[in-house]
Amino acid sequence: MKAASIVLKNARLGWHIKKSYSIVTIGAVAIVCLDLILEIRLLPLLYGGIPVPFGETAKPIGAALIPAAFFNSLLIAVNIFGFAYILYKAGFNIGLIPTVRNDWLDVLAFFVFLTSGMMIWYFPVFFLPLAITGLYLLVGPLS
């Protein structure tokens, strides 16, 4: 009788592990699909009006390369945090999800920095959040 309960506990544990692996796999596939949709729909808006091989312009870096770099950096950061959250919900704690309020503030400042860096080339008013969050991210570790 004792051996039967051990077998049932192991079978249930195996089911739990398979369930968490399937959650992680489904989450990773969903993140990749969302990335493809965002890249296909939003990246042409950043390159709008620019011929693709890039022709010579007065400002070749500011015209499309810097907003696209901020966009791709934002996409990578969101993917990392999204996948870490999926792993956290599946039971794997890899230490990327902040637990302290100050850590959440740093993550929020980082995302505001990347978003405003992407938007500054279209709306110059976004320079203010870019400068404030950039200064916060630089001075924060020093204090």
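The values are calculated or read from the model by the stated rules, or taken from the named source; none is laboratory data. Values in this document were obtained by computation on a predicted structure and should not be read as measured data. Cβ placement follows ideal geometry from the backbone for every residue including glycine, while neighbour counts extend to all protein chains displayed.
Scanning segment 54-85 for residues that are more than 14 Å from D35 (Cβ to Cβ), assigned to a helix (DSSP H, G or I) and modelled with pLDDT under 85 turns up P60, I61, G62, A63, A64, L65, I66, P67, A68, A69. Residue pairs whose Cβ atoms lie under 7 Å apart, separated by 6 or more positions or on different chains, with the first residue in segment 104-120 and within 17 Å of I80 (Cα to Cα) and the second surrounded by 15 or more Cβ atoms within 10 Å (Cβ to Cβ) and among the aromatic types (F, W, Y), are A109/Y136; L114/F70. State yes or no: is S5 more than 14 Å from M118 (Cβ to Cβ), of a type in the set (S, T, Y), at pLDDT 75 or above and part of a helix (DSSP H, G or I)? Against the criterion (more than 14 Å from M118 (Cβ to Cβ), of a type in the set (S, T, Y), at pLDDT 75 or above and part of a helix (DSSP H, G or I)), S5 does not qualify. Residues in segment 93-119 that are more than 17 Å from L137 (Cα to Cα) and not in a helix (DSSP H, G or I): N93, I94, G95, L96, I97, T99.
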